[in-house]
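Engineer: Pasting a structure below so you can have a look.
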Amino acid sequence: MLKDLVNPSTFNVLVGKLEDVLVRAFDKPLGYAVNWGRLWSLWPVHLETACCSLEFGAASGPRYDVERFGIIEAFGSLRQCDLVVVQGTVTRKMAPRLRMIYDQMPDPKYVIAMGACAITGGLYFDSYNVLPGIDGIIPVDVYVPGCPPRPETLIQGCMLLQEKIKRSRFK
Ligand code: SF4
């Protein structure tokens, strides 16, 4: 019996099974803990091109104080951020820059499209030079509608994103 266990091929099978058991045992609690850390420390960078950015600024101010929801103020470099909030009209000329910003952020990363302009092109949706929504350039996790959306709507969008992160599978 012992001879069978130390046989290299049997031993490999046993190690493989043990690995399966460990992954199953720790996957859920570990995933929960990591997601919990991520959702309460969202670090946004904001791409502001128009009026919606003022509402984002208001949300960061003392009246709304988004930090109490685990959303850190938008300082830092792109390489530290895990959330990009796109506010305002994005022109076709800006589209490669938006993609470049997204590509510079480390994984896992999330995107919020804030306001009608970022979601559909807004007032300018039929214009030759404005993108009809940023989701053709980068994947959007949450859409925050309005023109402009108020800070409360942005906070609700962030809470929806936090719910999504909480339910996501840990990789
Ligand atoms: S959605 Fe409205 S408020 Fe926001 S950038 Fe466009 S025009 Fe301005």
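Engineer: Run the accessible area of the stretch 86-170 with a 1.4 Å probe and give the carbon-and-sulfur part as a rounded percent.
Structural biologist: Details: 2630 of 4500 Å².
After summing per-atom areas, the C and S share lands at 58 percent.
Engineer: For the stretch 57-71, just list the computed ³J(HN,Hα) in residue order, Karplus coefficients 6.51, -1.76 and 1.60, θ = phi - 60°, integers in Hz, with x standing in for Gly and Pro.
Structural biologist: x, 5, 5, 7, x, x, 5, 9, 6, 5, 4, 5, 9, x, 10
Engineer: Loop only by DSSP, 12 or fewer other Cβ within 10 Å of the Cβ. Give me the chymotrypsin sites (Phe, Trp or Tyr not before Pro) in the stretch 33-133 that pass, ordered by residue number.
Structural biologist: Filter output for the stretch 33-133: Phe75, Tyr128.
Engineer: Moving on to the next point. May I ask for the distance between the Cα centers of the stretch 42-71 and the stretch 96-163, given as a whole number of Å?
Structural biologist: 14
Engineer: A follow-up question, please. Grab every C-alpha pair in the stretch 90-171, bin the distances at 5 angstrom width from 0 up to the longest one, and report whole percents.
Structural biologist: Whole-percent P(r) values from 0 Å outward: 3, 15, 22, 22, 20, 12, 5, 1, 0.
Engineer: Which cross-chain or sequence-distant (5 or more) residues have an amide H under 5 Å from the amide H of Leu42, H modelled 1.01 Å from N in plane?
Structural biologist: Ile72
Engineer: Using θ = phi - 60° and the Karplus curve 6.51 cos²θ - 1.76 cosθ + 1.60, what whole-Hz ³J(HN,Hα) does each residue of the stretch 131-139 get, with Gly and Pro shown as x?
Structural biologist: Result, ordered by residue: 5, x, x, 7, 6, x, 10, 9, x Hz.
Engineer: Mind checking Rg over Rh on the stretch 12-171, alpha carbons, Kirkwood formula for Rh?
Structural biologist: 1.08
Engineer: Taking the Cβ of Cys158 as the center, what net charge do the other residues with Cβ under 15 Å away carry, scoring Lys and Arg +1 and Asp and Glu -1? Intermediate results must be reported in sequence, preceding the final value.
Structural biologist: Details: positive: Arg38, Arg68, Lys109, Arg150, Lys164, Lys166; negative: Glu55, Asp65, Glu67, Glu73, Asp82, Asp141, Glu152, Glu163.
Value of the local net charge: -2.
Engineer: Over all directions, how big on average is the projection of the convex hull of the alpha-carbon atoms in the stretch 54-114, in square nanometres?
Structural biologist: Computed as one quarter of the Cα hull surface, the answer is 4.6 nm².
The values are calculated or read from the model by the stated rules, or taken from the named source; none is laboratory data. On a predicted model such as this, the values are computed, not experimentally measured, just so you know. Because the Cβ atoms are built from the backbone with ideal geometry, glycine has one as well, and the counts that use them run over all protein chains shown. Heads up: the accessible areas ignore ligands, DNA and RNA and are worked out on the full protein's heavy atoms, side chains in. Shrake-Rupley method; radii C 1.70, N 1.55, O 1.52, S 1.80 Å.
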